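Throughout, read-outs are computed from the coordinates displayed, never taken from laboratory work. Please read all numbers here as calculations on a predicted model, not as lab measurements. Cβ: placed from backbone, ideal geometry, glycine included. Neighbour counts: every protein chain shown.
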Amino acid sequence: MRRFIVLTILLFTACGPSTNETVILISDTPIPPSTPLPASTALPAATSIPPSTPLPASTALPAPTAVPIQKIFPDDYSDNPYDPSIIGILDKDTTISNIFGDNNRDYVGFTVKENFFVEAINLIDYYGQDKIAFFAIQKNDKFTAEDDITKMLSYGHFGPESNYNKVGQNILYYSKNMDSNRDKVVLDSGDYVMRIQQGNSENASYEFKLIIRAKNK
């Protein structure tokens, strides 16, 4: 066996290149195994978008505050019973209103036209720290009755704390005294003076409406 191996080597050497050339035997270098690609990194899960925050409900605007109506009063009525303020000859509904002035007494004169009459005098409004005031009506062009109710056609207290003549009511009544039954009154054609008095409040005011009707012919 050894002889065969040596012979083989000698034959290979004799048949090979000249002795001047160096023969280099290169063994097959194994190719290193390919490095596996790294596993793909999983994409992060999509972040869910939070639901949109609902807009706050619109706040209702507050209701506008009612602005009180500013009453416009005529010039202060006379405080002289013998020289009342004259408002004219009446044949239609008429308002008597004012702020109590000097001495907290007002005297207002008016004439009811022929063939007309005053059916009622309604208290429309009253304002004052003292919740009660006084009125009286005399048929004359001057107020001479003073405090004698027998010379008055109608009289009494009025205001929120009066027994009868509150806001919205007709004040045109007469009674022999404050405790007796009241009788309804109408004012026929002619001259009248109305006394309106309030003794305890500054800046107290009132408003009456005279309801005028024509007589049936």
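Applying Stokes-Einstein at 25 °C and 0.890 mPa s to the Kirkwood radius of the stretch 85-214, computed over alpha-carbon pairs, gives a translational diffusion coefficient of 167 µm² s⁻¹. Cross-link partners for Lys166 among the lysines, with Cα-Cα distance under 29 Å and sequence neighbours closer than 8 places in the same chain left out: Lys71, Lys92, Lys113, Lys131, Lys139, Lys142, Lys151, Lys176, Lys184, Lys209, Lys215.
Take the Cα radius of gyration of the stretch 92-155 and divide it by 2.2 N^0.38 Å, N being the number of residues; the result is 1.23.
Going from the fewest other Cβ atoms within 10 Å to the most, the residues Tyr107, Tyr82 appear in the order Tyr82, Tyr107.
When each of Met152, Met194 is scored by the number of other beta-carbon atoms lying within 10 Å, the sequence from fewest to most is Met152, Met194. Seen from all directions on average, the stretch 142-217 presents a Cα convex hull projection of 6.6 nm². What the phi angles of the stretch 139-150 give under the Karplus curve with 6.51, -1.76 and 1.60, with θ = phi - 60°, is a coupling list of 8, 4, 9, 9, 9, 10, 6, 6, 10, 8, 5, 6 Hz, glycine and proline written as x. Cβ crowding within 10 Å, taken as a proxy for footprinting-reagent exposure, orders Lys176, Lys142 from fewest neighbours to most as Lys176, Lys142.
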